[in-house]
Amino acid sequence: MKQDYVLHLADTHLILGQRLGEWCGHNVVLEQDIAMSNIALDLLGQCRSLYQYAAELGGNKQTEDQLAFLRGERQYKNHLLVEQPNGDFAFTIARQFFFDVYHQLLCEELVKCSDKQLQAIAEKSLKEVRYHLTWSSEWMIRLGDGTTESHQRLQTAVNELWMWTHELTTTASYEEALDVPRPSDFKAAWHAKVSAILKEATLEIPAESTKQAGGKEGVHTEHLGFILSEMQMMQRTYPGMTW
Amino acid sequence: MTEQEIFDKKIDDDVRIEPKDWMPEAYRKTLIRQISQHAHSEYVGMLPEANWITRAPTLRRKATLLAKVQDEAGHGLYLYSAMETLGMSRQQSLDDLHSGKAKYSSIFNYPTLTWADIGTIGWLVDGAAILNQVPLCRTSYGPYARAMVRVCKEESFHQRQGFEIMMALSAGTAEQKEMAQDAINRWWWPTLMMFGPKDSESGNSELSMRWRIKRFSNDELRQKFVDMMVPQAEFLGLKVPDEKLKWNAEKNGYDFGEIDWEEFWRVVKGHGQCNKQRLDARRKAHDDGAWVREAATAYAEKRAQREATKKGA
């Protein structure tokens with residue numbers, strides 16, 4: 001049960017880190033290439049701590065790499081939001097911003113939970129996540145309140161991503177059963193923060209749309225299979241080797 | 001003393017030339033050409049390695065590779081900044097890259113086909129880059145020399161990482177060893193080409209040496225590289241793909257075969273496998289980012305205006 005939860009956290013970090021890694025070398029300007037890689041690196045670092053903990057919870061029968069590279073798409077428990085393709089810069093920024101608001105709220109709760117290991121990981125992450133949120137919020141405002149084109153592109157991204165944000169504040173069965181934060185408890189806080197920034201960015205808050213969920217329980221969008229086939233290619237092609 | 005004499009004396013005394021100092025126009029031009037080629041090499045050089053970030057075999061390798069490519073972006077930034085001190089804007093210099101006018105190292109026009117290529121680039125290509133670059137930490141132009149001190153520290157870290165990838169492969173299975181050998185077979189000669197044309201055919205070398213922009217000749221550095229790398233290849237259990245390679249006790253160095261200069265010039269002139277692909281990727285990133293840069297400028301102006309209005313009120 002607890003391993004499911006830790007894997008859910010680890011998978012979400014890894015898949016978003018993987019998506020951000022796709023930008024490396026291709027970003028809009030060198031400074032932002034560096035910034036986005038930084039965030040990807042933070043997420044990869046956090047996911048490693050989480051996979052190592054998940055491995056420990058599973059009696060060390062599997063390593064962090066086996067957990068990351070040898071589980072299939074029905075076993076992955078990341079949010080649907082983070083597996084969505086990068087799209088244009090506006091799309092990536094909006095996805096990051098929605099995630100960062102959730103991530104900060106989560107870490108602020110996790111530092112208070114009874115599990116010492118998760119507490120320690122969250123404490124370390126929180127410093128990084130605060131920076132991520134500052135960065136993505138600033139870009140939301142800059143693009144939203146920039147030119148007509150940037151405003152339109154970002155509004156489109158916000159509208160199209162909206163249905164995937166619902167899952168961030170749902171509580172899965174394994175969260176109900178554990179002494180860990182229930183994301184549904186910070187639904188209102190997530191909306192308040194997101195609305196405030198969207199307002200400052202002169203963007204419209206999307207009307208209620210269909211609510212998509214399932215990632216946390218292993219039911220994904222078609223995108224995840226492709227992410228995994230690329231990411232797991234080496235471990236699957238050359239089983240059991242040391243790199 | 002004339003300005004020229006002051007300049008010459010500084011060069012002779014190994015005193016750094018700084019942005020506001022008088023310098024001969026040809027010195028400025030040579031520096032701009034060299035730093036620009038270097039900056040663009042960092043920027044274009046991100047591409048072949050970034051090609052493997054999403055496929056790196058372990059989480060640790062993924063993180064180190066991403067961090068490495070990020071360092072290269074950082075090197076690009078230092079160098080574009082050094083170039084700005086010579087009156088060349090980043091925009092102008094990127095325009096020159098995108099139009100094909102400015103050059104970058106040809107090594108990045110070769111494809112990265114397997115994971116072993118990532119190890120080999122770190123080990124051989126960064127190894128060659130270090131030999132080229134360490135003397136530049138003492139180059140006569142101050143901002144360039146200082147940028148290179150930082151670059152070199154990070155490069156030697158990258159080289160160790162590359163060597164470590166190769167060690168894992170050579171301690172691995174037959175398939176992994178084969179992958180490593182295939183990589184050195186493809187990268188060895190292009191890496192030797194990184195030191196540039198033979199001294200007898202290098203048009204820019206002599207003056208650069210006089211101005212202490214360069215401190216060793218292309219052939220000297222190439223020899224140093226071979227002498228350094230052959231024992232490392234042996235340690236890894238890899239065969240250097242050169243039938244003429246032989247220890248020469250008299251010169252206390254290796255004799256080695258002739259570079260395929262036809263291939264060298266062909267790739268320099270734009271006809272390598274990836275020349276078009278790399279430049280297209282650079283242009284695309286730049287073009288796709290135009291609206292973002294415009295938005296950032298527009299927002300900064302709006303904000304400045306709002307603050308001015310606030311202050312005025």
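The values are calculated or read from the model by the stated rules, or taken from the named source; none is laboratory data. Computed from a predicted structure; not experimentally measured. A quick note on method: Cβ atoms are made from the backbone with ideal geometry, for glycine too, and the neighbour counts reach across all protein chains shown. These area figures cover heavy atoms from the full protein model, side chains too; ligands, DNA and RNA do not enter into them. Shrake-Rupley method; radii C 1.70, N 1.55, O 1.52, S 1.80 Å.
Observations on the model:
- Per-region count, region A:146-174, residues within 14 Å of another protein chain (Cβ to nearest Cβ) and in contact with a helix residue (DSSP H, G or I) (Cβ under 7 Å, 6 or more places away or on another chain): 8
- Residue identified as within 30 Å of A:GLN152 (Cα to Cα), more than 8 Å from every other protein chain (Cβ to nearest Cβ) and open to solvent by 10 Å² or more (accessible area, probe 1.4 Å) among A:PHE91, A:PHE97: A:PHE91
- Scanning region B:300-313 for residues that are of a type in the set (Lys, Arg) and either more than 13 Å from every other protein chain (Cβ to nearest Cβ) or open to solvent by less than 100 Å² (accessible area, probe 1.4 Å) (or both) yields B:LYS302, B:LYS310, B:LYS311.
- Which numbered condition B:ARG16 misses (of (1) open to solvent by 10 Å² or more (accessible area, probe 1.4 Å); (2) free of Cβ contacts under 8 Å to residues at least 12 places away in the same chain): (2)
- Among the conditions (1) more than 7 Å from chain A (Cβ to nearest Cβ); (2) in contact with an Asp or Glu (Cβ under 8 Å, 6 or more places away or on another chain), the only one that B:MET46 does not satisfy is (1).
- Of all residues making up region A:197-229, the number that are in a helix (DSSP H, G or I), among the small types (Gly, Ala, Ser) and open to solvent by 60 Å² or more (accessible area, probe 1.4 Å): 1
- Filter result (open to solvent by 20 Å² or more (accessible area, probe 1.4 Å) and more than 7 Å from chain A (Cβ to nearest Cβ)) within region B:51-74: B:ASN51, B:ARG60, B:THR64, B:ASP71
- Looking only at residues of region A:177-191 that are open to solvent by less than 20 Å² (accessible area, probe 1.4 Å) and not in a helix (DSSP H, G or I), we find that the one that is farthest from A:ALA213 (Cα to Cα) is A:VAL180.
- With respect to being over 16 Å from the mean Cα position of the chain (by Cα), touching a residue at least 60 places away in the same chain (Cβ under 8 Å), open to solvent by 40 Å² or more (accessible area, probe 1.4 Å) and within 9 Å of chain A (Cβ to nearest Cβ), B:ARG90 falls outside the description.
- Restricting region A:113-144 to residues that are without any contact (Cβ under 8 Å) to a residue 60 or more places away in the chain and among the basic types (Lys, Arg) leaves a set whose member that is farthest from A:TYR5 (Cα to Cα) is A:ARG142.
- Residues being modelled with pLDDT of 95 or more, facing chain B (nearest Cβ under 7 Å), closer than 27 Å to A:THR92 by Cβ and open to solvent by 10 Å² or more (accessible area, probe 1.4 Å) are entirely absent from region A:49-59.
- Test: residue in region B:210-220 that is aromatic (Phe, Trp, Tyr) and within 25 Å of the chain's Cα centre (by Cα): yes
- Summed over region A:16-47, the residues that are within 7 Å of chain B (Cβ to nearest Cβ), buried (at least 22 other Cβ atoms within 10 Å of the Cβ) and among the charged types (D, E, K, R) give a count of 1.
- In region B:201-215, the residue that is modelled with the highest pLDDT out of those that are open to solvent by less than 40 Å² (accessible area, probe 1.4 Å) and in a helix (DSSP H, G or I) is B:SER208.
- Looking only at residues in region A:234-243 that are outside any helix (DSSP H, G or I) and loosely packed, with under 15 Cβ neighbours inside 10 Å, the one that is farthest from the other protein chains (Cβ to nearest Cβ) is A:PRO239.
- Test: residue in region B:283-299 that is more than 11 Å from every other protein chain (Cβ to nearest Cβ) and either open to solvent by less than 20 Å² (accessible area, probe 1.4 Å) or in a loop (DSSP other than H, G, I, E, B) (or both): no
- Among (1) loosely packed, with under 15 Cβ neighbours inside 10 Å; (2) closer than 30 Å to B:LYS284 by Cα; (3) aromatic (Phe, Trp, Tyr), the one test that B:TRP22 misses: (2)
- Counted residues, region A:198-233 - those being without any contact (Cβ under 8 Å) to a residue 12 or more places away in the chain and facing chain B (nearest Cβ under 9 Å): 2
- A:HIS79 in contact with a Gly (Cβ under 8 Å, 6 or more places away or on another chain), more than 12 Å from every other protein chain (Cβ to nearest Cβ) and of a type outside the set (Asp, Glu): yes
- Selection within region B:139-164 - closer than 14 Å to B:MET83 by Cα and either charged (D, E, K, R) or open to solvent by 40 Å² or more (accessible area, probe 1.4 Å) (or both): B:ARG146
- Scanning region B:242-276 for residues that are within 20 Å of B:PRO48 (Cβ to Cβ) and surrounded by 14 or more Cβ atoms within 10 Å (Cβ to Cβ) returns B:GLU263, B:PHE264, B:ARG266, B:VAL267, B:VAL268, B:GLY272, B:CYS274, B:ASN275.
- Of all residues in region B:215-241, those that are farther than 22 Å from B:PRO135 by Cα and of a type in the set (Gly, Ala, Ser) total 2.
- So A:LEU133, is it more than 14 Å from chain B (Cβ to nearest Cβ) and either part of a helix (DSSP H, G or I) or over 13 Å from the mean Cα position of the chain (by Cα) (or both): yes
- Residue ID - farthest from the other protein chains (Cβ to nearest Cβ), chosen from residues in region A:1-12 that are open to solvent by less than 10 Å² (accessible area, probe 1.4 Å) and either within 29 Å of B:SER41 (Cβ to Cβ) or not aliphatic (A, V, I, L, M) (or both): A:TYR5
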